[in-house]
Amino acid sequence: MDGLEGVRLAYSSKPDLVLVDLNIPGLDGYEVTLRLRGEPTLSGVPIVAITAEGDRDTSLAVGCNGFIQKPIEARTFASVVGRYLRGVREMPSSADLEDTLLREQSQRIVGRLEEKIAELSSANARLRELAAARTEFYRNVTHELATPLTPVVGYLKLLIDEELGPVTKGQQKALMSMDGCVKRLRGILDNLVDVTGLETGRMRFEHKDYDFLDTTRRAVAQVADKLDERRQTLVEEMVRGPLPAFGDPDRLQRAMVHLLENAAKFTPAGGTIGVRVTKRSSGYELCVADTGPGIPKDKLERVFEPFYQIDGSVTREHGGVGVGLAIARRTSRGLGGDVRAESPSAERIEGIVLGGAAFYLSVAVRAPAELAAEGA
């Protein structure tokens with residue numbers, strides 16, 4: 001046990017007596033004693049230093065009640081400890097010496113803190129370098145994978161459309177299966193591009209006029225096949241359109257798809273997913289709620305961190321790399337809104353209670369960046 005563990009144990013167990021070895025890793029015995037003496041609930045607990053090499057006056061100056069030199073005399077040990085339990089407290093040789101020793105000990109602790117701060121600063125700089133290298137790796141690997149994938153997508157479409165000649169039913173089936181896999185790979189690459197922009201703060205938006213309701217319907221249509229495969233029911237409550245806005249509808253649609261796919265992923269087969277579009281005073285809001293198991297309250301914010309997954313093991317039931325919700329939130333904020341989550345949900349859509357998780361994506365009618373540009 002090191003000094004920090006000893007302090008934590010003393011805080012939690014509220015002992016009748018603390019025996020502290022002065023030569024322990026982490027915080028040494030002097031520092032442990034100073035730390036314990038700063039805790040009001042332990043102010044009356046006797047602390048006895050046990051050491052082969054430590055200094056008696058320094059031990060008493062930092063707050064020890066007594067000092068026992070090693071090797072311990074087994075025959076008298078119990079009676080000596082009993083004295084401290086009854087309130088006996090030894091005193092340093094003189095008050096002046098006590099002040100001097102406390103100053104020396106404080107200076108030594110300050111010196112150690114300066115060393116630790118230097119170590120932490122160096123480690124933090126190294127972590128920043130690693131984070132920058134990771135982001136650069138994402139950018140490079142995405143580019144290297146996307147370049148050869150482009151002709152694959154193009155030629156595959158030519159084959160499916162039979163523009164390079166007729167294909168049999170079996171070949172068509174195989175080509176459609178390949179097309180699904182290629183689209184999935186393309187989606188992963190697009191997500192990596194977005195994560196790179198998210199981490200560097202350079203996610204690009206291409207603003208233009210669009211309709212929020214139409215964008216929502218296109219996002220729902222994009223995941224319709226996936227919902228059918230899982231025999232999931234979709235219920236909707238939509239305000240009457242049009243809902244004109246100015247922003248990036250392509251990025252917004254992808255953010256909506258992330259929320260819908262997340263709901264589909266965690267809702268059991270045969271469950272229900274609800275979608276509601278609402279007009280707000282400052283913009284529009286999309287609610288996606290489900291009948292899944294929900295999200296633990298202490299994880300409601302963490303699920304928006306890139307690569308975070310509640311179950312991150314290789315044997316987890318659900319796939320994915322854990323970036324969809326982070327991208328959705330960053331996209332929404334870039335369009336003047338936000339994404340928040342509630343669980344358990346209190347949503348009721350089309351009379352169906354959706355008690356799992358509910359995600360609320362909002363956007364402004366006009367993106368703030370465009371407003372700032374107009375005023376510049």
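Of note:
- Meets criteria (exposed (fewer than 13 other Cβ atoms within 10 Å of the Cβ), of a type outside the set (A, V, I, L, M), outside the structural domain of residue 183 (by TED's automatic domain parsing) and part of a helix (DSSP H, G or I)) for residue 137: no
- Within region 268-297, being buried (at least 18 other Cβ atoms within 10 Å of the Cβ) and either small (Gly, Ala, Ser) or under 22 Å from the mean Cα position of the chain (by Cα) (or both) holds for 271, 274, 283, 288, 289, 292, 294, 295.
- Restricted to helices (runs of 4 or more DSSP H) entirely inside region 28-90, those with at least 3 residues that are closer than 20 Å to residue 104 by Cβ and within 47 Å of the chain's Cα centre (by Cα) are 29-37, 56-61.
- Residue pairs meeting the criteria (Cβ under 9 Å; at least 6 apart or on separate chains; first under 18 Å from residue 70 (Cα atoms), in region 9-38; second polar (S, T, N, Q) and in a loop (DSSP other than H, G, I, E, B)): 29/23
- Inclusion of residue 215 among residues that are buried (at least 16 other Cβ atoms within 10 Å of the Cβ), part of a helix (DSSP H, G or I) and modelled with pLDDT of 90 or more is warranted.
- Selection status of residue 231, over 23 Å from residue 291 (Cα atoms), basic (Lys, Arg) and outside the structural domain of residue 187 (by TED's automatic domain parsing): no
- Unmet requirement for residue 248, which otherwise passes all of (1) out of contact with any helix residue (DSSP H, G or I) (no Cβ under 6 Å at 6 or more places or on another chain); (2) within 27 Å of residue 206 (Cβ to Cβ); (3) surrounded by fewer than 16 Cβ atoms within 10 Å (Cβ to Cβ): (3)
- For region 309-337, taking the residues that are under 18 Å from residue 260 (Cβ atoms), at pLDDT 90 or above and not basic (Lys, Arg), the one that is surrounded by the fewest Cβ atoms within 10 Å (Cβ to Cβ) is identified as 325.
- When each of 341, 358 is tested for being surrounded by 15 or more Cβ atoms within 10 Å (Cβ to Cβ), at pLDDT 90 or above, in contact with a Phe, Trp or Tyr (Cβ under 9 Å, 6 or more places away or on another chain) and within 21 Å of residue 235 (Cβ to Cβ), the lone residue that passes is 341.
Each row is one residue, and each column tells you yes or no for (1) under 15 Å from residue 19 (Cα atoms); (2) hydrophobic (A, V, I, L, M, F, W, C); (3) free of Cβ contacts under 8 Å to residues at least 60 places away in the same chain.
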{"residue": "60", "(1), (2), (3)": "yes, yes, yes"}
{"residue": "68", "(1), (2), (3)": "yes, yes, yes"}
{"residue": "71", "(1), (2), (3)": "yes, no, yes"}
{"residue": "76", "(1), (2), (3)": "no, no, yes"}
{"residue": "81", "(1), (2), (3)": "yes, yes, no"}
{"residue": "93", "(1), (2), (3)": "no, no, yes"}
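- If the condition is being touching a residue at least 40 places away in the same chain (Cβ under 8 Å) and among the β-branched types (Val, Ile, Thr), then region 126-177 contributes 135, 141, 142.
- Evaluation of residue 167 against the conditions (1) part of a helix (DSSP H, G or I); (2) over 30 Å from residue 20 (Cβ atoms) shows that the sole unmet condition is (1).
The values are calculated or read from the model by the stated rules, or taken from the named source; none is laboratory data. Every value quoted in this text rests on a predicted model; they were computed, and no experiment measured them. Positions of Cβ are backbone-derived with ideal geometry, glycine not excepted, and every protein chain shown enters the neighbour counts.
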